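Heads up, the thing below is written out as structure tokens.
The values are calculated or read from the model by the stated rules, or taken from the named source; none is laboratory data. What you are looking at is a predicted structure, and each value in this text was computed from that prediction instead of being measured. Cβ placement follows ideal geometry from the backbone for every residue including glycine, while neighbour counts extend to all protein chains displayed.
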Amino acid sequence: MPETYPQLALDMQLCFSLYATSRAVTRTYGELLVGTGLTYPQYLVLLALWEAEEPMTVGSLGSRLRLDSGTLTPLLKRLETSGQVVRRRDPEDERRVLLEVTELGWALREEVSEVPFRLMSAMALSQQEMAALKDQLDALLTHLEVAAR
């Protein structure tokens, strides 16, 4: 009979709970975004661009979203094709690509403005519980990023 390692039980793994929860949250966002023409990753891109005070570089967007350019480029191409984002070379540094939200992209902001509230409702969390959970996850992410250095 093999030795038992209770610490290896799937139900004891934080990683599995995070993974399954992340997939469920992503699926819920997908359901909430039906009708907008946006996927969940495209929604995240627009959130970052909407809060930027000036055109954002692809590099700074990648840093903000913790995505590499190989993942980000196809997202940006689809957003550009659908008319929500414009990419252009930085006139001061041709190596940099600047991103700007179009009028159509800005109009989507109103359309998705209720998504965070609808997600909170789907999660059956109060605003305070949602904020506390986000704080815990942000702290965990920070610790993990520091440990990876």
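Quick one: would you say THR28 is of a type outside the set (Asp, Glu), surrounded by 12 or more Cβ atoms within 10 Å (Cβ to Cβ), touching a residue at least 60 places away in the same chain (Cβ under 8 Å) and under 24 Å from LEU141 (Cβ atoms)? Please lay out each step first, then the result.
Numbers: of a type outside the set (Asp, Glu): yes; surrounded by 12 or more Cβ atoms within 10 Å (Cβ to Cβ): yes; touching a residue at least 60 places away in the same chain (Cβ under 8 Å): yes; under 24 Å from LEU141 (Cβ atoms): yes.
In short, yes.
Checking TYR43 against (1) of a type outside the set (D, E, K, R); (2) in contact with a Phe, Trp or Tyr (Cβ under 7 Å, 6 or more places away or on another chain); (3) farther than 24 Å from SER121 by Cα, which test does it fail?
(3)
Determine which single condition ARG87 fails, assuming it passes every other condition in (1) part of a strand (DSSP E or B); (2) touching a residue at least 12 places away in the same chain (Cβ under 8 Å); (3) exposed (fewer than 15 other Cβ atoms within 10 Å of the Cβ).
(3)
A quick yes/no check of all residues on (1) more than 14 Å from the chain's Cα centre (by Cα); (2) not small (Gly, Ala, Ser):
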site	(1), (2)
PHE16	yes, yes
GLY30	no, no
VAL45	no, yes
ALA52	yes, no
SER63	no, no
GLY70	yes, no
PRO74	yes, yes
VAL86	yes, yes
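From the list ARG118, ARG66, ARG23, which one is closer than 28 Å to LEU133 by Cα and in the same structural domain as LEU141 (by TED's automatic domain parsing)?
Values: ARG66 fails: in the same structural domain as LEU141 (by TED's automatic domain parsing); ARG23 fails: in the same structural domain as LEU141 (by TED's automatic domain parsing).
The match here is ARG118.
Evaluate the following for LEU76: is it surrounded by 14 or more Cβ atoms within 10 Å (Cβ to Cβ), under 30 Å from LEU125 (Cα atoms) and hydrophobic (A, V, I, L, M, F, W, C)? Steps first, answer last, please.
Working: surrounded by 14 or more Cβ atoms within 10 Å (Cβ to Cβ): yes; under 30 Å from LEU125 (Cα atoms): no; hydrophobic (A, V, I, L, M, F, W, C): yes.
Considered against the rule, which asks whether it is surrounded by 14 or more Cβ atoms within 10 Å (Cβ to Cβ), under 30 Å from LEU125 (Cα atoms) and hydrophobic (A, V, I, L, M, F, W, C), LEU76 comes out as no.
List the pairs whose first member sits in the stretch 118-139 and is in a helix (DSSP H, G or I), whose second member is of a type in the set (S, T, N, Q), and whose Cβ atoms are under 7 Å apart, counting only residues at least 6 apart or on separate chains?
Close Cβ pairs (under 7 Å, with a partner that is of a type in the set (S, T, N, Q)) amount to LEU119/THR28; MET120/GLN127; ALA122/THR28.
Report whether or not GLU110 is more than 22 Å from SER82 (Cα to Cα), among the charged types (D, E, K, R) and in a helix (DSSP H, G or I). I'd like the intermediate steps shown before the answer.
Details: more than 22 Å from SER82 (Cα to Cα): no; among the charged types (D, E, K, R): yes; in a helix (DSSP H, G or I): yes.
It is false that GLU110 is more than 22 Å from SER82 (Cα to Cα), among the charged types (D, E, K, R) and in a helix (DSSP H, G or I).
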